Amino acid sequence: MSDSQKSGSDKAATAVVKSTQKISKIWLIPLITLLFGGWFIYQDIQRQGVSIEIEFDTASGLEEGKTKVKIRDVVMGRVEQIRLSDDSSSVLVTAKLNEDADKFLRSDTRFWVVSPKVSLREISGLQTLVSGAYIDMSPGIEGEPKRAFKALQEPPVTPIGTPGLRVYMESEQTFTAQVGDPMVYRGLSVGRIETVEYDLEAQQAKYSAFIEAPFDQLITSNTRFWNSSGIEVELGADGVGLTTSSLESLLIGGITFDEPKGMAAGEPLKQDTVFKIYSSKKSAESHRYSEKVYYILMMESSVRGLEEGAPVEYRGLQIGQVEEINFELKDMARSLSAEAYKIPVLISVQPALVNLGDSQAGKEMISKQISAWVGRGLRASLKTGNLLTGAVFVDLQHYENLPDQSLGRMQGFAVIPTVPDQIVQFADQLNTTLDKINSLPINGMAQDLRTLLQDLASSTKAFNATSSSLTTKLDELDMQGINGTLNSLNALLSSLAADDQGLSSVNQTMVEVQEAIRELKPLLQKMNSAPNSLIFKSQVAPDIEPRGVNR
């Protein structure tokens, strides 16, 4: 075989293998079937709803397969399973919700149990007496999607999305409000207390409250909050005060806010602002100004009746208040001394109260004025403001004939000189009066008084003797004869009154007597003017009688 033939046979024996990389069309049928099956399964799962887990403190009122989950009384699902947590500290409830509820399940979604509740604040959930308890749901608005939640013990005070403003407050007093108590503005409830906490380190009660729109615009940097629970009766230096709030606050308490009168418009509220809750409206108004000038008073007399917040007055005008009694002074000597211990009282003077402005310039003006007045006799003293309560206040007055004195300094505070209070002054006047009484000649006056009493006793004895003699003389009179005469006279008068004829004769006799007296009257007058006319003929010519006119 030649070489050319061999090479041709080798080429015919070699096979070439190629890959097609194509899927048979027969596989399209199961693939389409699988896609349709998955779609149907997804649709079925979607129709079954969304499964969530809610943690409760207790399962009271909840039943598997019966308890409903609602939004605004619209049923959104039911409870499927109830079980204890791994540490048995809570109850885990699995609920199946409708597919429409998926968009409401976010991190700010809230759940709580609705059951019958009767309290001073509200009466709610009475419909559950028939239908049974249910789980209420507040839809979420912000946050990421979520499927596990912690239920609330009480319904949220403010629904999510309510327009308004959330404010934060604190109080160093006892708890003045509870969750759900109203926020009151001039008698109108405009919000609610949302949370109440207590800071153990700061020893303060902290609150958050929501003020609904449009009343949230009333909150400014000058807003003051105070407790309006119940009836406020104040017994102070100004007298007896009685303050009441709305009926709701009277029954369940609450917090009131407003801007004190006389303050300028406040600035917009900052997010980190924390307001202080004052004990009363008067206390809130007394703290309406921020700028103060502080002074120390070293009181030598008793401070009984003086309380923190008592007014500081200048000629009857309140210009400040008492800040602290028995103020601690570190540089004050505490060693034993023969002199009485002086009680330091810290007071403040507010320039805005004397129309100098709530500013640094006003503080400087007050400091200069007080310093000048002290050099001219300005002194501080305690005066009684209310005799019923015994409350006192600090009074600043100008006194004459006092030695020159200037403001002292103690621990960075100016010291205003003091004078004895009214009680001490009254005691001094009383002692002076007693000294004058003691200087009187009491012994001589007592001897004269003793002699006068002896003379009076002798006169009394003589009067008693005269009275006895007069009584004896009256006894000696013939009282029986006098009585008989009076009886006869009464009988005569009675007979005259009974006999009409006798009475008429008496009257006739009296008339005749009067006529005789009338006739004798000219004779008596003539004898009075000319007594000798009865013997001698009268020389007096007769009166000329006028003649009539001839006709």
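The values are calculated or read from the model by the stated rules, or taken from the named source; none is laboratory data. Quick caveat, the model's predicted, so the values are computed rather than measured. A quick note on method: Cβ atoms are made from the backbone with ideal geometry, for glycine too, and the neighbour counts reach across all protein chains shown. Protein only, heavy atoms only, side chains kept; ligands, DNA and RNA dropped before computing areas. Shrake-Rupley method; radii C 1.70, N 1.55, O 1.52, S 1.80 Å.
Before moving on, here are some points about what is shown:
- Probe 1.4 Å - accessible area at residue 144, Å² to nearest ten: 130 Å²
- Accessible carbon and sulfur surface of the range 168-231 relative to its total accessible area, %, 1.4 Å: 47 percent
- Whole-number accessible area per residue in Å² for the range 48-194, which is evaluated in the context of all protein chains at 1.4 Å: 57 Å²
- A Förster radius of 30 Å combined with the Cβ-Cβ distance from residue 188 to residue 317 puts the calculated FRET efficiency at roughly 0.35.
- Estimated from the Cβ-Cβ distance and a Förster radius of 41 angstrom, the FRET efficiency linking residue 290 and residue 153 is about 0.55.
- Cβ-Cβ distance of residue 32 and residue 203, R₀ of 60 Å, FRET efficiency by 1/(1 + (r/R0)^6): the value works out to about 0.25.
- For the set 261/292; 261/363; 282/383; 150/270, the pairs lying more than 24 angstrom apart at their alpha carbons are 150/270.
- Taking label positions 7 Å along the Cα-Cβ direction at both residue 102 and residue 451, the computed distance is 12.6 nm, reported to one decimal.
- Model label zone, residue 88; criterion: amide N under 16 Å from point 7 Å along Cα-to-beta-carbon; scope the range 50-76: 58-59
- Taking all protein chains together, 207, 294 sort by accessible area into 294, 207, largest first [probe 1.4 Å].
- Solvent-accessible surface (1.4 angstrom probe) belonging to residue 149, in square angstrom, nearest 10: 10 Å²
- Sorting 298, 169 by accessible area puts them as 298, 169; the probe is 1.4 Å, largest comes first, and only protein heavy atoms count.
- Here residue 73 sits with roughly 110 square angstrom of accessible surface, probe radius 1.4 Å.
- Loop-resident sites, the range 33-114, for trypsin sites (Lys or Arg not before Pro), counting at most 16 other Cβ within 10 Å (DSSP): 66, 72
- Student exercise, the range 178-233 dipole from Lys, Arg, Asp, Glu Cβ charges, in Debye to nearest 20: 240 debye
- With every protein chain in place and a 1.4 angstrom probe, the accessible-area ranking of 183, 76, largest first, reads 76, 183.
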